[in-house]
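**Student:** Sharing a structure, written as structure tokens. Questions coming.
The values are calculated or read from the model by the stated rules, or taken from the named source; none is laboratory data. Because the structure is predicted, anything quoted here is derived from the model rather than measured. As a convention, Cβ positions derive from the backbone with ideal geometry for all residues, glycine included, and neighbour counts pool all protein chains shown. Note: accessible area is taken over every heavy atom of the protein model, side chains too, but ligands, DNA and RNA are not part of it. Shrake-Rupley method; radii C 1.70, N 1.55, O 1.52, S 1.80 Å.
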Amino acid sequence: MLNGLAVAALSGEGVFMIPVIVILIVAFIFLVLFLRLFPVGLWMTAVFSGVRVGIFQLATMRLRRVNPQRIVYPMIQATKAGLDLSMSKLEAHLLAKGNVEKVVNALIAAQRAEIPLNFERAAAIDLAGRDVLTAVQMSVNPKVIETPIIAAIAKDGIELRAKARVTVRANIDRLVGGAGEETIIARVGEGIVTTAGSAESHKAVLENPDLISRTVLDKGLDAGTAFEILSIDIADVDVGRNIGAQLQMDQAEADKKIAQAKAEERRAMAVAKEQEMKAQVQEMRAKVVEAEAEVPKAMAEALKSGNLSVMDYYKMENVIADTRMRASIAEPNVKGKTE
């Protein structure tokens, strides 16, 4: 059996079959590489859609690592919409990390809405990080921005809490470099605070809420922003706290604490003065005791020197005893009168 296989392999028929298989494999590989490099299906779709593009142009896109589908399909949309765009511009925008599909859709929407917008402007808006399609849609259908509750205080000290709805439309010419919604909200809040703060009474603002709208619109708050303010409507105005009364109460409480601190300081000074006087009295008493202690010494010296006789000494003792007796008799009466 092995001899038979060897003979078949060495025969002319077997030798002829081996090159055919090799050719088929090479042809298959070439066909796969050709279809991978040359998107025939996409090229036929573009041709039948009226887009003039060569198959070699699509192949060079792939060599530049550009997905041809992201160029061809938006080009078909633009062609069907009647826009005059070039494949090179779309490819350049895609290589710049732009969104070709959104730019083309925005151009189509702008054309339908009769908004002047060219490809260069739309591409610049897209590369600036703005949603150009949303901007075009907002130009046709204005957007309502609702501000948070903003607190303001009138001159009479009453707090007003207002909320506004701002109707804006996208300004295509100022989308690049223009401020966003946060700036609009901040400026409207500033206008509300200014209007309420300049009012003599909070009742004037409650009676005429349109004062806020007129003040805000007169300031031209949309300058330098990517939007155009169409209207400002005050949705709600509520009365808040009486800030003036609260401030007066806080001031009174602060004055009270200051007065208490000063009184405590005076009391401490009086206590210190009293302690100082007591110390002085104690010092004087000590001096008196010290002086009294010198009296017996002086008397003894007088008796010794003969300046004081014994009779004189007894007379002085009698006088002192009589004085003490009189003081003891008078002391209860003094206490009774005091009580």
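**Student:** Can you flag which of Lys143/Lys163; Lys89/Lys143; Lys256/Lys278 are past 21 Å Cα-Cα?
**Tutor:** Lys89/Lys143; Lys256/Lys278
**Student:** Glu290 versus Ser305, label points 7 Å from Cα toward the beta carbon: distance in nm?
**Tutor:** 2.2
**Student:** Continuing with the same structure: Leaving out same-chain residues fewer than 8 places away, which aspartates and glutamates sit with a Cα under 18 Å from that of Lys203?
**Tutor:** Leaving aside aspartates and glutamates fewer than 8 places away in the same chain, those within reach of Lys203 are Asp156, Glu159, Asp236, Asp238.
**Student:** Would you grab the residues whose amide H sits under 5 Å from the one on Asp222? Only those 5+ places off in sequence or on another chain, please, with H modelled 1.01 Å from N.
**Tutor:** Excluding prolines and chain starts, which carry no amide H, the hits are Ile229.
**Student:** Taking the full set of protein chains and a 1.4 angstrom probe, give the accessible area of Thr194 in square angstrom, rounded to the nearest 10.
**Tutor:** Thr194 has an accessible surface of roughly 60 Å² with all protein chains in place.
**Student:** Once amide H atoms are built 1.01 Å from N in the peptide plane, which residues 5 or more positions from Asp156, or in another chain, come under 5 Å H to H?
**Tutor:** Placed amide hydrogens put His202 under 5 Å from Asp156.
**Student:** What residues have an amide H closer than 5 Å to that of Ala164, excluding those fewer than 5 places away on the same chain, when H is modeled at 1.01 Å from N in the peptide plane?
**Tutor:** Thr147, Ala235
**Student:** In sequence order, what are the phi-derived ³J(HN,Hα) couplings for the stretch 114-123 according to the Karplus relation 6.51 cos²θ - 1.76 cosθ + 1.60 with θ = phi - 60°, rounded to whole Hz, with x for glycine and proline?
**Tutor:** Along the stretch 114-123, the couplings run 6, 9, x, 8, 9, 5, 4, 5, 5, 5 Hz.
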